[in-house]
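Throughout, read-outs are computed from the coordinates displayed, never taken from laboratory work. All of these numbers come straight from a predicted model, not from anything done at the bench. No Cβ is skipped: glycine too gets one built from the backbone with ideal geometry, and neighbour counts run over all protein chains shown.
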Amino acid sequence: MGKKEKYDIEKDLREWFRDAGRVVIVGVGNPIRMDDFVGVKIVRDLRGKVDSERVMLIEAETIPENHIQEVIDYKPTHILIIDAAIMGLKAGAARLISHKQLEAFRLFSTHMLPLRLFCEYLANTTRSKIALLAFEPKQTDFGEPLSVEIQESAVNAVVELMSILH
């Protein structure tokens, strides 16, 4: 991830979280599809490193819709969904996309329920600020390790989120 891009993502995240109260971070991804696992990996890496009184971490894997009631009951002000998404960018590139921009991005996802529908439902039921932190995967073949590019981006994201949410 280049310096300029890292800076842009950090700036976008800081701005997006500026008025955050209660936060839910939902890690989405398939543990056996290489870079698709990045969302869950980031959530796992945040455990014990952010304020658990104010930040709920959910490892949703490929079925984020199974956690809808849990999210609603938490009454968050902000919901951040983290996932790999094919956006036509360089591998490891990250973008913060508001739920209202999801349709314009034409993202390709490997999950059952399109994230756009998941986000719309949560927006209508929680009135939370909702965004997707999307990472361009290098490989989504069956296998377990993250690519070097995604691993580096994930580490940077964890550091940025820890700084913002601590």
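Quick notes
- Loop-resident chymotrypsin sites (Phe, Trp or Tyr not before Pro) (DSSP state other than H, G, I, E or B) in segment 118-147 with no more than 15 further Cβ atoms inside 10 Å of their Cβ: Phe142.
- Equivalent ellipsoid of segment 3-165: semi-axes from √(5λ) of the C-alpha gyration tensor, largest first, are 21, 18, 15 Å.
- Across segment 20-25, coupling constants 3J(HN,Hα) worked out from phi with the 6.51/-1.76/1.60 Karplus curve, θ = phi - 60°, read 5, x, 9, 10, 10, 10 Hz, and Gly and Pro carry x.
- Difference of contour (0.36 nm per residue) and Cα-Cα distance, Ala91 to Arg47: 13.3 nm
- Fewest-first sequence of Glu59, Glu53 by Cβ atoms within 10 Å of each Cβ: Glu53, Glu59
- Amide H contacts under 5 Å for Arg33, placed H, 5+ residues apart: Gly143
- Extension gain, Ile63-Lys100: 0.36 nm per intervening residue step, less the Cα-Cα distance, totals 11.2 nm.
- Residues whose amide H comes within less than 5 Å of that of Ile79, counting only those at least five positions distant or on another chain, are Val24, Lys129, Ile130, Ala131 (H built at 1.01 Å from N in the peptide plane).
- Between Glu152 and Asn124, residue separation times 0.36 nm minus the direct Cα-Cα distance comes to 6.6 nm.
- Per-residue Karplus couplings for segment 129-141, computed as 6.51 cos²θ - 1.76 cosθ + 1.60 with θ equal to phi - 60°, are listed in order as 7, 10, 8, 10, 9, 9, 10, 6, x, 8, 9, 10, 5 Hz, Gly and Pro entered as x.
- Shown for Lys129, Lys138: other C-beta atoms within 10 Å of each C-beta, ranked fewest to most, produce the order Lys138, Lys129.
- Hz values of 3J(HN,Hα) by residue in segment 56-71 - Karplus curve (6.51, -1.76, 1.60), Gly and Pro given as x: 9, 9, 10, 8, 7, 6, 8, 10, x, 4, 5, 10, 4, 5, 4, 5
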